[in-house]
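Q: Provided herewith is a single structure, encoded as structure tokens, for subsequent inquiry.
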Amino acid sequence: MLLKKLKYPINLIILLVLISLSVGPTYAESIQISGDQLLVRSGPGTEFEPIGHVNQGETHPVVEHDGDWIAIEFAGQTGWINSQFVTTLKDQPASPEMTDQSDQQDYFHIPFEHVNVRAQPTTDSDLIGELPFNEKIELGDTYEDWIEVTWNDLTGFIPLWIVEANPFEQTVDQSIFKGKTIVIDPGHGGVDVGAISITDHYESHYALYTAEVLRDQLSQLGADVVMTREDDYYYALMPRATLANYVHADVFISLHYNSEPQYPTATGINSYYRNESEQLLAEYVHNQLIEYTGANDRGVEYGNYLVLRGLSRPGILLELGFISNQEEEKQIQSHAYQRKITQGIIEGLQQYFLTSKQK
Ligand SMILES: [Zn+2]
């Protein structure tokens, strides 16, 4: 906890700009991008970190000016670009979507590399597509933790939090994650479904869902995320460790859910490490998981799991809750709870990275 750093100025400024925009955006001016693959930065200068790019021919509403820099509405936030690579469209009629304020708020740019679209607003419904980074989508109605989206001919559902603000704005130091290679291993997959829940859902599906949420959040923090499997297919255990060794993972995290059908009251989270050197990593992540989820603390233990045996990189295995317990499974199905899980993992990783940096 002592190691947490708060980052205020830039985030706060962006937040204030967003708040002022949400009151009622009126864009008097817009610009057209004349350079290709133009970097968009978090502030007005090359010293600010890139947050994405815009392409030749795109038009964007202007939020404000600062010297040679222009703030534009970008991917649901404010981004800065150098004015020498743009053409101002001040005196031209605004496009229809920009004149209609209600329409303006119903569009959104995808802030991550991959966002899965599902047929129904549930974690176990079919995947019907994937939204690329920065794609402009139309937002529809919300259904609890989900929101309906339309992109080209595709209409489906994505988790609601994706269109909300970054939950780590004030607790996670993004520079810690920049350049870190994190291998996420969703347990089981394909014919190996893992445990089967009390409502006949598969551990392999839940593990993949948690992995996707974790991947998107870590990517947003600047980490290089590698998934051992991206979909519901079988992948043997040893190659998962080999993959982590090959990419020189800073951390390997295997995600699982537990089941004890003969003890339906069993609940809680267990965390495992295989080498003594990984005990601290397991403890940091485990303690934050318990803090964020409020789950029953089943402790940190040595575990000689096959998937950890082939690792030459730091790795842990997490059993994130009991799908044999009706109440716990219900929580695991909720996106709000998934966010608590992934936030706990991320805060734990941050502590681990900060500590290993000091050594
Ligand atoms: Zn498992």
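Q: If I model segment 271-330 as equal point scatterers sitting on the Cα atoms and use the Debye formula, what is log10 I(q)/I(0) at q = 0.12, 0.13, 0.23, 0.25 Å⁻¹?
A: Rounded to two decimals, the profile gives -0.31, -0.36, -0.91, -1.00.
Q: Now for a separate question. How many angstrom separate the Cα center of segment 305-359 from the Cα center of segment 115-136?
A: For segment 305-359 versus segment 115-136, the Cα centre distance is 23 Å.
Q: Okay, next question. Note down the net charge around T293, summing +1 for each Lys or Arg and -1 for each Asp or Glu among other residues with Cβ under 15 Å from its Cβ. Mind dumping the intermediate values first?
A: Numbers: positive: R298, K330, R339, K340; negative: E291, D297, E319, E327, E328, E329, E347.
So the surrounding residues net to -3.
Q: Count charges around A241 for me, please; just the other residues with Cβ under 11 Å from its Cβ, Lys/Arg as +1, Asp/Glu as -1. Display every interim value, and only then the final one.
A: Values: positive: R240, R274, R309, R313; negative: D185.
Combined, the nearby Lys, Arg, Asp and Glu give +3.
Q: Let me understand segment 26-88 better: what is its radius of gyration from the alpha carbons, and its Dmax, in angstrom?
A: For segment 26-88, the Cα radius of gyration and maximum Cα-Cα distance read 10.1, 29 Å.
Q: Still on this structure, please answer the following. Going 7 Å from the Cα of E49 along its beta-carbon direction, which residues of segment 325-350 have the amide nitrogen within less than 19 Å of the resulting point?
A: 343-350
Q: Over segment 26-88, average the accessible area per residue using a 1.4 Å probe and give it in Å², no decimals.
A: Numbers: 2880 Å² over 63 residues.
About 46 Å² of surface per residue is accessible.
Q: Taking the Cα atoms of segment 181-358, report the difference between the largest and smallest coordinate on each principal axis, in whole Å and largest first.
A: Projected onto the principal axes, the Cα atoms of segment 181-358 cover 43, 33, 31 Å.
Q: Ordering S254, S334, S175 by how much accessible area each has at a 1.4 Å probe, largest first, what is the list? Please list the in-between numbers first.
A: Details: S254 0, S334 35, S175 75 Å².
Most to least solvent-accessible, the answer reads S175, S334, S254.
Q: Let me ask another. Roughly speaking, what is the centre-to-centre gap between segment 236-253 and segment 32-69 when only Cα atoms are used, to the nearest Å?
A: Each part's Cα centre sits 37 Å from the other's.
Q: Related question: Express the carbon and sulfur contribution to the solvent-accessible surface of segment 181-358 as a percent, rounded to the nearest whole number, probe 1.4 angstrom. Can you show the working numbers first?
A: Numbers: 3360 of 6950 Å².
Carbon plus sulfur share of accessible area: 48 percent.
Q: A further question on this structure: For segment 107-258, what are the per-bin percents of Cα-Cα distances with bins 10 Å wide, up to the bin holding the maximum?
A: 11, 36, 36, 17, 0
Q: Among the DSSP beta bridges whose two residues both lie in segment 221-359, what percent are antiparallel, rounded to the nearest 5? Write out the running numbers ahead of the final one.
A: Working: 3 of 13 bridges.
Here the share of antiparallel DSSP bridges comes out near 25 percent.
Q: At a threshold of 8 angstrom on Cα-Cα distance, excluding pairs fewer than six apart, so keeping six or more, what relative contact order does segment 181-358 reach in percent? Provide the component values of the computation, followed by the final result.
A: Working: 368 pairs, mean separation 49.2, N = 178.
RCO, segment 181-358: 28 percent.
Q: Which residues' amide hydrogens lie under 5 Å from the amide hydrogen of E130, considering only partners 5 or more residues apart or on another chain, with H built in the peptide plane?
A: Counting only residues 5 or more places away or on other chains, the set is V117.
Q: Let me ask you something else. What percent do you get for the relative contact order of segment 26-88 when only Cα pairs under 8 Å and 6+ apart count? Spell out each step's value before the answer.
A: On the way: 140 pairs, mean separation 24.0, N = 63.
With pairs under 8 Å counted, the relative contact order is 38 percent.
Q: Taking H placed 1.01 Å from N in the peptide plane, check which residues at least 5 places from M227 or on another chain put their amide H under 5 Å from its amide H.
A: I184
Q: If you don't mind, another one. What are the residues whose amide H is under 5 Å from the amide H of H53, where those residues sit 5 or more places off or on another chain and H is modelled from the backbone?
A: Placed amide hydrogens put V40 under 5 Å from H53.
Q: Each residue of segment 215-227 in order: what ³J(HN,Hα) in whole Hz does its phi give by Karplus 6.51 cos²θ - 1.76 cosθ + 1.60, θ = phi - 60°, with x for Gly and Pro?
A: After applying 6.51 cos²θ - 1.76 cosθ + 1.60, I find 4, 5, 6, 5, 4, 5, 7, x, 6, 8, 9, 10, 9 Hz.
The values are calculated or read from the model by the stated rules, or taken from the named source; none is laboratory data. Values in this document were obtained by computation on a predicted structure and should not be read as measured data. Methodologically, a virtual Cβ is constructed for each residue, glycine included, from the backbone with ideal geometry; neighbour enumeration extends over all protein chains shown. Just the protein is used for accessible areas: all its heavy atoms, side chains included, with ligands, DNA and RNA removed. Shrake-Rupley method; radii C 1.70, N 1.55, O 1.52, S 1.80 Å.
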